[in-house]
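To start, the structure under review is shown below, and the notes come after it.
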């Protein structure tokens, strides 16, 4: 923990925490003084991460669960309350990509799978987190939305629809619960180095150079850079920020918009 740790004393739930952005967030939030409650479907990876964090003197627990199952979302939040007596913030990071098919070639199952995790999972988790935060008079929820929640591209209709839904849930939550002390925001991430994106870039070697050429910062993000934005939104330093979608994409979305106007 640093001398200026800005999450000290907070209890924060992180979904999709076993790897990638979620694992980076777990490490960062813990270093910044938070007690972290981690969940994902991969129990062994979560256990290893918790062992790593507790071995460094941080407070961390894990609960295996699937955000698409309402009962699992409730159980994870209940575990946080049972262990720490409260829930101060949550980073709803769990998500999945869409298939590569064009819309006219995709079946209904493709849409259902992507919506179940990204939109349904965010819905289930937000509902339980809000229920836990209301009696304490407030909290902060951050949803991982992706720039696909703001823009659209080819062969990504299901994913774009799901991430637009995440931003819609973010705005609705902010509007409904702001007066009761709960802030709800989103991060719209570009491409970050995670196991999923690394596999994608390995399968399509032209992707990374193309992204680097398009984005003003000329590179792909590290997972920790996304976690930094989520940490700020979870913290009291963002106390007057709600209903916002913070783009963390190296300027990619701004560049795409500029190109579209040409």
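Could you tell me which of the residues 65, 22, 97, 9 is over 30 Å from residue 181 (Cβ atoms) and either in contact with a strand residue (DSSP E or B) (Cβ under 8 Å, 6 or more places away or on another chain) or assigned to a loop (DSSP other than H, G, I, E, B) (or both)? Every option except 97 fails the conditions.
Among the residues of the stretch 100-139, those identified as more than 20 Å from the chain's Cα centre (by Cα), closer than 30 Å to residue 82 by Cα and assigned to a helix (DSSP H, G or I) are 134, 135, 136. The set of residues in the stretch 81-93 that are touching a helix residue (DSSP H, G or I) at 6+ places or on another chain (Cβ under 7 Å) and either in a helix (DSSP H, G or I) or farther than 24 Å from residue 8 by Cα (or both) contains only 81. Do we have residue 71 as free of Cβ contacts under 8 Å to residues at least 12 places away in the same chain, closer than 26 Å to residue 120 by Cα, over 17 Å from the mean Cα position of the chain (by Cα) and assigned to a helix (DSSP H, G or I) here? Taking the combined requirement at face value, the residue satisfies it. All of 249, 236 fail the test of being farther than 22 Å from residue 173 by Cα and either modelled with pLDDT of 80 or more or surrounded by 15 or more Cβ atoms within 10 Å (Cβ to Cβ) (or both), apart from 249. Please go through (1) assigned to a loop (DSSP other than H, G, I, E, B); (2) at pLDDT 95 or above for residue 217 and return the number of the only condition it doesn't satisfy. Looking at each condition in turn, residue 217 falls short on (2). When every residue of the stretch 45-52 is checked against the conditions, at least one turns out to be under 28 Å from residue 190 (Cβ atoms), in contact with a strand residue (DSSP E or B) (Cβ under 7 Å, 6 or more places away or on another chain) and modelled with pLDDT under 95.
Where the second residue is in a loop (DSSP other than H, G, I, E, B) and the first is in contact (Cβ under 8 Å) with a residue 60 or more places away in the chain and lies in the stretch 100-122, which pairs have Cβ atoms under 6 Å and are six or more apart or on separate chains? Matching pairs, first to second residue: 121/67; 121/68; 121/94.
So residue 142 clears everything in (1) outside any helix (DSSP H, G or I); (2) more than 15 Å from the chain's Cα centre (by Cα); (3) modelled with pLDDT of 90 or more except one condition, right? Which one? Failing condition for residue 142: (2).
The values are calculated or read from the model by the stated rules, or taken from the named source; none is laboratory data. These numbers come from a predicted model, not from an experiment. A quick note on method: Cβ atoms are made from the backbone with ideal geometry, for glycine too, and the neighbour counts reach across all protein chains shown.
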